[in-house]
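Chemist: Mind looking over this structure? Questions follow.
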Amino acid sequence: MKLEIGNFHVKDIVFGTKTAYENGILTINKEEALAVVREDEHITEADLVIVKPGDEVRLCPVKEAIEPRVKVNGDPHIVISCICHSSLGTCCTGEF
């Protein structure tokens, strides 16, 4: 099986009832996303806010970010990502 990496250029991001990507618009179901974040018992409070260029806001620096990836020609619900923990000396690997 060949793993193909596709680029999906996002022109806008909005909250909606269904998480989807269509015509350059990334729609996020806020409650579904927050449910995943809240699965971590160490997170006691969370919220998601969409910030766009030109908005008058102050952002904290991101300390760790993961590029989200999915199989272009596969199950759209499988997200391929990896978190490396340098303090543990390990990094996930695998075949998809």
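Any read-out appearing in this document is the output of simple, stated calculations on the displayed coordinates, not a laboratory observation. Just so it is clear, the structure is predicted and the values come from calculations on it, not from any experiment. Note that each Cβ is placed from the backbone with ideal geometry, even for glycine, and that neighbours are counted across all protein chains shown.
Chemist: Using R₀ = 22 Å, calculate the FRET efficiency as 1/(1 + (r/R₀)^6) where r is the Cβ-Cβ separation of K30 and I5; round to 0.05.
Modeler: Details: r = 27 Å, r/R0 = 1.24.
Step by step, r from the Cβ atoms, then E = 0.20.
Chemist: Taking loop as defined by DSSP and a crowding limit of 15 other beta carbons within 10 Å, which chymotrypsin sites (Phe, Trp or Tyr not before Pro) in the stretch 1-46 fit? Don't skip to the end; give the middle numbers.
Modeler: Details: sites: F8, F15, Y21; in loops: F8.
Here the chymotrypsin sites (Phe, Trp or Tyr not before Pro) that fit, given the DSSP loop and packing criteria, are F8.
Chemist: DSSP loop trypsin sites (Lys or Arg not before Pro) in the stretch 12-44 with at most 16 other Cβ atoms within 10 Å of their Cβ, which ones?
Modeler: The qualifying sites are K18, R38.
Chemist: From the phi angles alone, apply the Karplus equation (6.51, -1.76, 1.60; θ = phi - 60°) to the stretch 20-32 and give each ³J(HN,Hα) in whole Hz, x where the residue is Gly or Pro.
Modeler: Values per residue, Gly and Pro as x: 7, 10, 8, 6, x, 9, 9, 9, 10, 7, 4, 5, 5 Hz.
Chemist: Using the basic label-point model (7 angstrom from Cα toward the beta carbon), what is the D47 to K18 distance in nanometres?
Modeler: It works out to 2.9 nm between the two label points.
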